[in-house]
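Here the structure comes first, spelled out in structure tokens, and everything after it is commentary.
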Amino acid sequence: MIFKFAVTVKHFRRIAPAKYIGNTLQEPEQIEYDYDDEFIFTYDMKTMRIQGTSWCKDVEPDDVADAIKAYFAGTCYQIANVEQMLN
């Protein structure tokens, strides 16, 4: 059985970096959202893939959500919604 997940993300760009005095945050980073996008992840109980790309990763069933979150970590995308698609 193959599971599909539709992941909606918001892309952002940095307008102004966070400002610190020493270790104290004075002003938070300012960002602007410029578009939304959707990624379709598939999972066959062993390997997770992104539809339309060559990306794949072996994932345990309990780690599916963490794998999706990790894929976007460090990027200019914020996850807005994750839905399991009906087959």
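The values are calculated or read from the model by the stated rules, or taken from the named source; none is laboratory data. Predicted model only: the values in this text are computed from it and were never measured. Note that we place each Cβ from the backbone using ideal geometry, even for glycine, and neighbour counts take in every protein chain shown.
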Against the definition (surrounded by fewer than 12 Cβ atoms within 10 Å (Cβ to Cβ), modelled with pLDDT under 95, out of contact with any Pro (no Cβ under 6 Å at 6 or more places or on another chain) and of a type in the set (S, T, N, Q)), how does N81 come out, yes or no? no
Okay, strands (runs of 3 or more DSSP E) sitting entirely in the range 1-83 with 3 or more residues that are in contact (Cβ under 8 Å) with a residue 60 or more places away in the chain and basic (K, R), I get 3-16
Would you pick out the residues in the range 35-87 that are under 15 Å from the mean Cα position of the chain (by Cα) and at positive phi? G74
Which residue out of I68, I31 is within 18 Å of V9 (Cβ to Cβ) and modelled with pLDDT under 95? I31
